[in-house]
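For reference, the structure discussed in these notes is given below.
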Amino acid sequence: MDYRSSIESSETLRNKCAACYRQFNKMEHLVEHMKISYHSGHEPTCGVCKKHCRSFESLREHLIGPLPKQECRNIFSLRGCRFCMMILESPNARRIHQERCHFSSVKAGLTTRMAALGLRDKALIDYTSSRSPKVVALSCKMVGGGSDGSLDLCARVCITDESDNVVFHTYVKPSMVVTNYRYGTTGIRPENLREAMPLKHAQRKIQEFLCNGEPMWKIRPRGGRGRILVGHGLDHDLDRLQLEYPSSMMRDTAKYPPLMKTSKLSNSLKYLTQAYLGYDIHVGIQDPYEDCVATMRLYTRMRYQKHKIEAYPQAADSQNRSNQVAWRQNEVEKMSPDEMLSISRSDYYCWCLDSLA
């Protein structure tokens, strides 16, 4: 290597991102990268080389994908948990950990039959403070309306707490005529909806429960009485229930960046449950209780991750000058890649922050 090539190589290494390890020919290119990448300690990180990844799917590709980093792959194959992606101290520690990290199925077939018999129906919500959960999961099952049966109509809704207890469960009578009961996946028959709770009645009960005595405009993520709502595809479920709820109080496993595909598209709940919880769902008739349990388990797994505590953890926080457009180019170009990373902030709300509330 000649002298000029050596200088260019050292410059490129100096301009290497401290998070994702991308290399740039010029420092200003690295600065531009840091402005739009929003790297932070909340990103999934390789336990071997400490590379930051935009999602757990990116981390999986890095560790066990078609073209993994070989050193990381070798260590992960011996000491890595395939569910939470942690690296343990030894193969034995990994075996013990993975047994605890693996969740068991909720026996969907049994709970579906119980619900059909009315044994798990719970059309009244318990508002007593001793049993009043702060975080709840919601899931709906849809039947078809319209001339071709393609219009989703909510026909069954379930709400559970963090301990997998049913808070509310009922069949819902849609306001439109049902033209396709989709029995193969919903298990719903006409007789289930004949005397079911009217949609408006279910909507009012759920809204009152979620708001927990607070007006909608006053609900806030911290310090308020409103409940955090967990689910998969919550916008669609709430739309079919004709419900409104603040987005700041919703935790949607279909939209959470660390749980999305590398292409930034949503993963199915079936895939997320198999990959991150270790069991299968949606085998045969689908039960909303099963979905509630899966989304709550995914939420708690993400919430209990240990990340660096920062006073202002999001780029959107007004106190953060680092991720705003008006970076002072000359000042930032004098920083090292590690210093740039230290002032960079996430562009999404990390669920680990809920554990600090």
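The values are calculated or read from the model by the stated rules, or taken from the named source; none is laboratory data. Since this is a predicted model, take the numbers as computed values, not measurements. Cβ: placed from backbone, ideal geometry, glycine included. Neighbour counts: every protein chain shown. Quick note on the areas: whole protein, heavy atoms, side chains included, nothing else; ligands and nucleic acids left out. Shrake-Rupley method; radii C 1.70, N 1.55, O 1.52, S 1.80 Å.
Taking Cα centroids, how far is the stretch 256-316 from the stretch 49-95 in Å? The two parts, judged by their Cα centres, are 18 Å apart. In the chain, the DSSP beta bridges split such that about 70 percent are antiparallel, to the nearest 5.
Taking 0.36 nm per residue of separation and subtracting the Cα-Cα distance, full extension of the segment from GLU162 to LYS306 would add 49.9 nm. In this label model, SER318 and LEU356 are separated by 1.9 nm, measuring between points 7 Å along each Cα→Cβ vector. Across the stretch 217-319, the relative contact order, built from alpha-carbon pairs under 8 Å that are at least six residues apart, equals 22 percent.
Computed about its Cα centre, the charge dipole of the chain is approximately 500 debye, with only Lys, Arg, Asp and Glu carrying charge at their Cβ.
Averaging the sequence gap over all C-alpha pairs within less than 8 Å and six or more residues apart, then dividing by the number of residues, gives the chain a relative contact order of 20 percent. Between LYS218 and SER105, the contour length at 0.36 nm per residue exceeds the Cα-Cα span by 36.9 nm.
Over all other residues within a Cβ to Cβ distance under 13 Å of ILE96, the charged ones net out to +2, with Lys and Arg as +1 and Asp and Glu as -1. Between VAL143, THR295, VAL106, the Cα set farthest toward the positive side of the dipole of the chain (charges on each charged residue's Cβ, about the Cα centre) is that of VAL106. Determine the share of the chain's accessible area contributed by carbon and sulfur atoms, expressed in whole percent, with a 1.4 angstrom probe. Ligands and nucleic acids excluded, carbon and sulfur reach 52 percent.
Stretched out straight at 0.36 nm per residue, the stretch from LYS16 to GLU191 would grow longer than its current Cα-Cα span by 56.6 nm. Averaged per residue, the chain has 51 square angstrom of accessible surface, using a 1.4 angstrom probe with ligands and nucleic acids left out. For the stretch 32-100, a simple Cβ point-charge model (Lys and Arg +1, Asp and Glu -1, everything else neutral) yields a dipole of about 140 debye relative to the Cα centre.
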